[in-house]
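One structure below.
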Amino acid sequence: DTAVSQTPKYLVTQMGNDKSIKCEQNLGHDTMYWYKQDSKKFLKIMFSYNNKELIINETVPNRFSPKSPDKAHLNLHINSLELGDSAVYFCASSQEWQGTDTQYFGPGTRLTVL
Amino acid sequence: AQTVTQSQPEMSVQEAETVTLSCTYDTSESDYYLFWYKQPPSRQMILVIRQEAYKQQNATENRFSVNFQKAAKSFSLKISDSQLGDAAMYFCARSGAGSYQLTFGKGTKLSVIP
């Protein structure tokens with residue numbers, strides 16, 4: 001029983017393409033997140049949604065658009081992919097949006113832009 | 001910016017020995033939460049241990065324990081009886097009671113020598 005799942009695990013694509021990464025959690029959590037881990041392993045928050053509403057949007061290019069069709073899903077769509085978008089993208093979830101709650105992470109999606 | 005600093009990019013430990021990973025952080029909040037996450041080669045981010053800042057007692061989870069020094073803003077992780085499966089990147093992270101995001105350190109790569 002996977003708590004937080006992401007698809008695909010690997011994504012290789014050409015510059016300029018549009019791609020999506022899907023995330024689903026079966027923990028019944030209200031809040032979901034997207035993080036980016038760069039080549040130096042540094043993890044940084046990109047977006048957070050609470051009950052399908054955006055509550056964090058860090059300094060992320062508007063080519064990145066999160067979409068939350070329901071509380072259990074938070075998908076990440078990326079337009080006009082660039083070389084610098086190559087990274088591992090992690091989805092996470094927590095019970096509530098406050099910092100008291102532990103975040104549980106998905107397995108990550110390694111995106112490679114050629 | 002409120003930061004989390006891990007001063008040891010890499011560490012190694014002999015199997016069955018004890019190792020301590022360092023973490024310091026910066027915060028202006030009085031109530032916050034601290035975490036250690038483990039990222040093995042599989043890429044999965046796994047919660048190791050969590051500490052609430054209002055608790056004076058150091059958290060422990062089996063072979064993992066922390067040394068939380070609130071005044072010094074220090075949060076080190078001690079791994080006892082190290083096992084080969086402990087080899088991974090370890091990330092220290094902080095969140096605030098009123099904020100909704102984790103701020104991560106840059107990680108420490110731990111190698112376990114048989």
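The values are calculated or read from the model by the stated rules, or taken from the named source; none is laboratory data. Just so you know, these numbers come straight off a predicted model, no measurement behind them. Backbone-built Cβ (ideal geometry, glycine too); neighbour counts: all protein chains shown.
Of the residues that sit in the stretch B:64-114 and are free of Cβ contacts under 8 Å to residues at least 40 places away in the same chain and of a type in the set (A, V, I, L, M, F, W, C), which one is farthest from the other protein chains (Cβ to nearest Cβ)?
The extreme case among them is B:Ala71.
Among the listed residues A:Gln95, A:Gln103, identify the single one that is among the polar types (S, T, N, Q) and either under 15 Å from A:Lys52 (Cβ atoms) or in contact with a His (Cβ under 6 Å, 6 or more places away or on another chain) (or both).
Just a single option satisfies the conditions, and that option is A:Gln95.
Can you name the residue in the stretch B:95-113 that is part of a loop (DSSP other than H, G, I, E, B) and of a type in the set (A, V, I, L, M) and is also modelled with the highest pLDDT among such residues?
Here the residue is B:Leu102.
Could you tell me whether A:Ser80 is modelled with pLDDT under 95, surrounded by fewer than 21 Cβ atoms within 10 Å (Cβ to Cβ), out of contact with any Leu (no Cβ under 8 Å at 6 or more places or on another chain) and assigned to a loop (DSSP other than H, G, I, E, B)?
no
Based on what the data block shows, is A:His73 within 25 Å of B:Ile49 (Cβ to Cβ) and either of a type in the set (D, E, K, R) or away from every other protein chain (no Cβ under 12 Å) (or both)? Break it down into steps so the answer makes sense when it comes.
Details: within 25 Å of B:Ile49 (Cβ to Cβ): no; either of a type in the set (D, E, K, R) or away from every other protein chain (no Cβ under 12 Å) (or both): yes.
For A:His73, the condition - within 25 Å of B:Ile49 (Cβ to Cβ) and either of a type in the set (D, E, K, R) or away from every other protein chain (no Cβ under 12 Å) (or both) - is not met.
Given the condition over 26 Å from B:Ile49 (Cβ atoms) and more than 10 Å from chain B (Cβ to nearest Cβ), answer yes or no: does some residue in the stretch A:91-108 qualify? Talk me through it step by step, then tell me what you get.
The first filter runs over the stretch A:91-108 and keeps only residues over 26 Å from B:Ile49 (Cβ atoms), leaving none.
Within the stretch A:91-108, none of the residues are over 26 Å from B:Ile49 (Cβ atoms) and more than 10 Å from chain B (Cβ to nearest Cβ).
Can you spot a residue in the stretch A:41-64 that is in a strand (DSSP E or B), touching a Leu at 6+ places or on another chain (Cβ under 8 Å) and more than 11 Å from every other protein chain (Cβ to nearest Cβ)?
Looking for residues that are in a strand (DSSP E or B), touching a Leu at 6+ places or on another chain (Cβ under 8 Å) and more than 11 Å from every other protein chain (Cβ to nearest Cβ), one finds at least one in the stretch A:41-64, hence yes.
Among the residues of the stretch B:47-58, how many are surrounded by fewer than 18 Cβ atoms within 10 Å (Cβ to Cβ) and small (Gly, Ala, Ser)?
0
Residues in the stretch A:12-31: is at least one closer than 14 Å to A:Leu76 by Cα, hydrophobic (A, V, I, L, M, F, W, C), modelled with pLDDT under 95 and assigned to a strand (DSSP E or B)?
no
Out of B:Gln51, B:Gln8, B:Gln57, I need the residue that is modelled with pLDDT of 95 or more and more than 10 Å from chain A (Cβ to nearest Cβ). Which one? Working first, answer last.
Details: B:Gln51 fails: modelled with pLDDT of 95 or more; B:Gln57 fails: modelled with pLDDT of 95 or more.
Criteria check complete, one pass: B:Gln8.
Mind counting the residues in the stretch A:6-24 that are within 14 Å of chain B (Cβ to nearest Cβ) and within 13 Å of A:Asp70 (Cβ to Cβ)?
Residues in the stretch A:6-24 being within 14 Å of chain B (Cβ to nearest Cβ) and within 13 Å of A:Asp70 (Cβ to Cβ): 1 in total.
Identify all residues within the stretch A:10-57 that are basic (Lys, Arg) and more than 17 Å from B:Ile46 (Cα to Cα); write none if there are none. It would help to see each step written out before you state the result.
Just the residues of the stretch A:10-57 that are basic (Lys, Arg), to begin with: A:19, A:22, A:36, A:40-41, A:44, A:52.
Hits for the stretch A:10-57 are A:Lys19, A:Lys22, A:Lys40, A:Lys52.
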